[in-house]
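Below is one structure, written out as structure tokens; the observations come after it.
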Amino acid sequence: MEVQDANRIVAIVGRPNVGKSALFNRIVGRRISIVHEQVGVTRDRVSAEAEHNGHHFELIDTGGLGHFDNQVADDAITASTEAQAEIAIADAGLILFVVDITVGLVPLDEEVARLLHHSGRPVLLLANKADNPQREDQIIDFEGLGFPAFPVSAIQNRGIEPLLASITQQLPEIKNQSVENPLRVAIVGRPNAGKSSYINRLLRSDRVIVSDVPGTTRDSIEIPFAIGSGPSARHYQLIDTAGVQKDTRSRGAVDWFSNLRTEKSIERADVVVLMIDAEVGPTSRDKKIAAKIIEAERGCLLLVNKWDLSEEADQEITQTRYLPALRETLPFLNFAPVLFVSAKSGYNMKRTIEAIDYVAAQTHTEITTGVLNRVIQKAVENLPPPMTKGRRLKIYYATQSGSNPIYFRIFVNNPDLKRANWIAYLKNRLRDAFGLEGAPIFLKLVPRSRDK
């Protein structure tokens, strides 16, 4: 696994609620970090590729440094958030230190400044919320912190161009660097299914916050990594999503946005990994996520996590016995391969990347028209379509019209004569012939006039 070049990592740090996430979204150009007035909304490091005038760099948004309001020093989430920010500082080649120009200098800003001076990293101080020229004069309050200062407004897009120019001056060696096209893998599941633990085990680092508290990950965390090096390296972008909450209306706007972000992450992914808690088993929330995966037409892998704990709780449980119940609960995903893993012990972890690669390859399968039609003809001979009001669906020919997702156009006498159970049979015959495990397939029946 390759280590990200620190010279191209830019970390955004600062005390809570100074506008770090809004600045992150402004620089990246799309809404990735959740922006909300509630203190401590960003609890993990959120990263994304950013670009300015041909200069590419990875931008990292961190949770707020320091304790605020009713947070206490031994709070597990707060302590883990601070550790995440400190790791980001250690990884970064450049740090953007964000303060609130409307509030002025506060003691916590001074504490963060001391931490940054101690890091030895180059730092740019950003006095955010300078929404008008009059406020820019207040930047003098921060000159004593000892960093080059920029008045900016993430919301109003003020001062962003000079800031980007300064960032690229700090990172001259990355000009015209090519951007990889990684395989995007979304890790989804209900809260506390073990998604973050799985990623940490996979990457062998504390990349995201891991806690027994359900709902710890509220942002969708994007994590680039590679296996191998040079031209043969395989590049990935892991997306660790917030667990889908049971009733978002009762949990507030932040969790509603997180659930929406999860749905968008599924849509943007090449492969979706749905993680099931082996102890709990598939739930109604897992079924809702499965429906979202189908709706987004994405390749899918099912990971049953915490398998070691499930075996300890029930000595008679076996994977062979567990699988039918899983398939019965998630019939939408009966095409998805299933892998039993333990992020805690490492059981089967090496096989997960192989399985992800396999699903990705299946979604890009291309089938020649001649072979496709021979398989369909054989399926029709073995089980003709049922009669409907004295008429039978007749198939003339078929072609593959797309991959990832896989679409087949089937020209027939009358699409209204199709029956769902026979279409399901035909899909199964196509899978028997071509594999397509983990890849959703879609049949579009198109009317064609009978040849004269």
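The values are calculated or read from the model by the stated rules, or taken from the named source; none is laboratory data. The model shown is predicted, which means the values in this text are computed figures rather than measured ones. Glycine also receives a Cβ, built like all others from the backbone with ideal geometry; neighbour counts cover every protein chain displayed.
Descriptive notes on the structure:
- Inter-residue pairs, beta-carbon under 6 Å, first closer than 19 Å to Lys344 by Cα and in region 283-310, second hydroxyl-bearing (Ser, Thr, Tyr) and at pLDDT below 95, 6+ apart: Trp307/Ser342; Asp308/Ser342; Asp308/Ser345
- Per-region count, region 379-404, residues farther than 17 Å from Arg419 by Cβ and modelled with pLDDT under 95: 3
- Of the strands (runs of 3 or more DSSP E) lying entirely inside region 146-245, those containing at least 3 residues that are out of contact with any Cys (no Cβ under 6 Å at 6 or more places or on another chain), at pLDDT below 80 and surrounded by 15 or more Cβ atoms within 10 Å (Cβ to Cβ) are 221-227.
- Those residues of region 351-386 which are under 27 Å from the mean Cα position of the chain (by Cα), in a helix (DSSP H, G or I) and not charged (D, E, K, R), in sequence order: Thr352, Ile353, Ala355, Ile356, Tyr358, Val359, Ala360, Ala361, Gln362, Thr363
- Entry remark, region 381-407: residues being of a type in the set (Asp, Glu) and either surrounded by 13 or more Cβ atoms within 10 Å (Cβ to Cβ) or closer than 26 Å to Gly299 by Cβ (or both) number 0 in total.
- Residues that are at negative phi and loosely packed, with under 14 Cβ neighbours inside 10 Å within region 416-441 comprise Asp416, Arg419, Ala420, Asn421, Ala424, Asn428, Asp432, listed in sequence order.
- Checked against (1) farther than 18 Å from Ala186 by Cβ; (2) part of a loop (DSSP other than H, G, I, E, B), Ser310 passes all but a single condition, namely (2).
- Some residue of region 131-143 being closer than 25 Å to Gly93 by Cβ and modelled with pLDDT under 90: yes
- Of the residues making up region 23-64, those that are under 15 Å from Ile12 (Cα atoms), out of contact with any strand residue (DSSP E or B) (no Cβ under 7 Å at 6 or more places or on another chain) and at pLDDT below 70 number 7.
- Pick from region 268-278, criterion at pLDDT 90 or above and among the charged types (D, E, K, R), ranking: farthest from Ala193 (Cα to Cα): Asp270
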